[in-house]
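Next up is a structure, given as structure tokens.
Coordinate-derived values only; no laboratory data. All of these numbers come straight from a predicted model, not from anything done at the bench. A quick note on method: Cβ atoms are made from the backbone with ideal geometry, for glycine too, and the neighbour counts reach across all protein chains shown.
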Amino acid sequence: MDERLKFLLLLNYVNANSQALAKFAALGVPWRELWSPSKIDAAATAFTEKQLARIREAESRAWAENEAERAAKLGARIISIDDEDYPARLLDLRDAPLALYVRGSLNAADKCVAVVGTRRASIYGKNAARSIGEACARYGVTLVSGGAFGVDCESQSACAEACGTTFAVMGTGIDVAYPASNRALFEKICERGALVTEFPIGAGGDPWHFPQRNRIVAALAEKVVVVEAPLKSGSMITARLALELGREVWAVPGRITDANAEGTNALIYDGAYPYINEKTFFSACGAQAAEDEGAARPEARAASLSDEERKIFDYLAANGEKTIDNISVAVKMSAADILKNITLMSAKGLVYMPSAGRYGVKGNL
């Protein structure tokens, strides 16, 4: 095994970052000093006693060599901070990860946005996240998120379903699906994008992992969109990190009575750009929708509606969110027929449920 990679993997194993690497490099001693110290033990001036004990114990059982073999068996690559294909944007971090485990293709994206938000997203938040994810695919913009419940997985699943490229930055080892219910989504992400983590194989979802991985989410993107977020949340941490890195922060406005909107509305008050519609946002990204994907838009899909579906679609498009009873009276159809057609239209991606019992045209998001 290449000694430089072994050196970086062992540092990564104890959660050391680029700052620790720079401190060790300043000593001017060989890499081997880390695990096979001389009488002076220069490495002791760069790392804590606990870190060095863990590193040397791991080296004694050939942990780094075994880790590389395990990664290969999982179909994952290990990209070190020295490699040419290490994401350049991560070098903006003062504490850049020394090694990344990657499943899929982490090709540098010209246009890359992060979409983040609460795990306990409202129906409005989930639909906004899906709308942004689908639009990323249509505009050819790579979407970065954390693969968690709520806003993350809604935006990433919509992007993946629309054949877009998305990167999921994990707070676990590359082999650990967290949450487990997103395993199928993670496999789909690998087809056109990538799973990315700095944590060793087998690492679980420790609480501190997720705030730490947020810096990678923020750094990989040019712009960060916060969909829904309480004032004290991981998404607000990501927004703060993004601002420190000089990234643009956008926020989806929410109702002032909603706890999930306190963070996003506060961001807008403090100067974040309001995400008011996809055209404005993606124009700011310098992106244009692919002409041959026009059929993916709700207006285009509506062209193939049945007469009954067309009546419902036109009514909702003109009048906004309505209940089944409202629609039934207006279009003169039974509630059963309304529900049947609403179900078909939802499957086509034309109609969504913004709140319990109410329906709206998805294109109006």
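Can you flag which of K6/K223; K223/K311; K111/K311; K126/K311 are past 31 Å Cα-Cα?
K6/K223; K223/K311; K111/K311
Could you give the nm distance between label points at R310 and A259, where each point is 7 Å from its Cα heading toward the beta carbon?
Label-label distance for R310 and A259, simple model: 4.7 nm.
Among 321-332, 224-235, what's the highest-first ranking by average C-beta atoms within 10 angstrom per residue?
Sorting 321-332, 224-235 by mean packing, highest first, produces 224-235, 321-332.
Under unit Cβ charges (Lys, Arg +1; Asp, Glu -1), what dipole magnitude, rounded to 20 debye, does region 57-101 have relative to its Cα centre?
220
How large is the charge dipole for the chain, taken about the Cα centre, if only the Cβ atoms of Lys, Arg (+1) and Asp, Glu (-1) carry charge, to the nearest 20 debye?
My answer is approximately 580 debye.
What does the extension gain come out to for E65 and A184, with contour length at 0.36 nm per residue minus their alpha carbon separation?
Gain in length upon complete extension: 39.9 nm.
Roughly what % of DSSP beta bridges within the chain run antiparallel, to the nearest 5?
The antiparallel fraction comes to roughly 40 percent.
Below 8 Å, C-alpha to C-alpha, sequence gap of six or more: please give me the relative contact order for the chain in percent.
This gives 13 percent for the chain.
In terms of Cα to Cα distance under 15 Å, which aspartates and glutamates are near enough to K232, apart from those fewer than 8 places away along the same chain?
Partners within reach: D258, E262.
Name the residue from L316, G202, A96 whose Cα lies farthest towards the positive end of the charge dipole of the chain, charges +1 on Cβ of Lys and Arg and -1 on Cβ of Asp and Glu.
Ranked along the dipole, the leading option is L316.
As an exercise, use a Förster radius of 56 Å and the Cβ-Cβ distance of D337 and T280 to find the FRET efficiency, rounded to the nearest 0.05.
0.90
Could you check the spin-label model distance between E57 and R240? Points 7 Å from the Cα along Cα→Cβ, value in nm.
Each label point is offset 7 Å from its Cα along the Cβ direction, giving 3.3 nm.
Would you pull out the residues with amide H under 5 Å of G146's amide H, same chain only if 5 or more places away, H placed 1.01 Å from N?
HN-HN under 5 Å from G146: V169.
Under the rule a/c < 1.5 gives rounded, and otherwise a/b versus b/c splits prolate from oblate, where does the chain land using the Cα gyration tensor?
Here the chain falls in the prolate category.
From the phi of every residue in region 309-326, what ³J(HN,Hα) in whole Hz does the Karplus formula 6.51 cos²θ - 1.76 cosθ + 1.60 yield, where θ is phi - 60° and glycine or proline is x?
5, 5, 4, 5, 4, 5, 5, 5, 4, 8, 10, x, 5, 9, 8, 4, 5, 4
With a ≥ b ≥ c the root eigenvalues of the C-alpha gyration tensor of region 112-292, is it rounded (a/c under 1.5), prolate (a/b larger than b/c) or oblate?
oblate
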